[in-house]
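> Sending over a structure as structure tokens; questions will come in a sec.
The values are calculated or read from the model by the stated rules, or taken from the named source; none is laboratory data. Quick caveat: nothing in here was measured; it's all calculated off a predicted structure. Backbone-built Cβ (ideal geometry, glycine too); neighbour counts: all protein chains shown.
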Amino acid sequence: MIKKKGNTLMKKFFLIFCIMLNQSFADTRDVDFYEPNLSNKYQGRLLSTTEFYPIETMKKLCKPFTGIDTAQIRCRKQGKENTVICDYKCSLHWMVN
């Protein structure tokens, strides 16, 4: 009985380990890319293949919302390619609850 419980526990541990490992290697390409608006609290996610820090594009997308909050920009390189994913917030994000 103890051996059977040990096997079950080991299987659960292995399953949790595999899920965590899969998440650590998960590719961000499957995420949605979106433009800022009221329903998403003036946040956006941008994919860039030409620039590492596409600030001009983000400024353009945030122009209707009083500009971009540069302290809220997070860009990360995606894989070995020259692809960058940037999460950003427009200046009005702090006004939305």
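> Do we have any residue at all in region 8-16 that's in contact with a strand residue (DSSP E or B) (Cβ under 6 Å, 6 or more places away or on another chain), farther than 26 Å from Leu92 by Cα and modelled with pLDDT of 65 or more? Break it down stepwise before answering.
Residues of region 8-16 in contact with a strand residue (DSSP E or B) (Cβ under 6 Å, 6 or more places away or on another chain): none.
No, region 8-16 has no match at all.
> How about region 50-67: which of its residues are at pLDDT below 90 and touching a Phe, Trp or Tyr at 6+ places or on another chain (Cβ under 6 Å)?
Phe65
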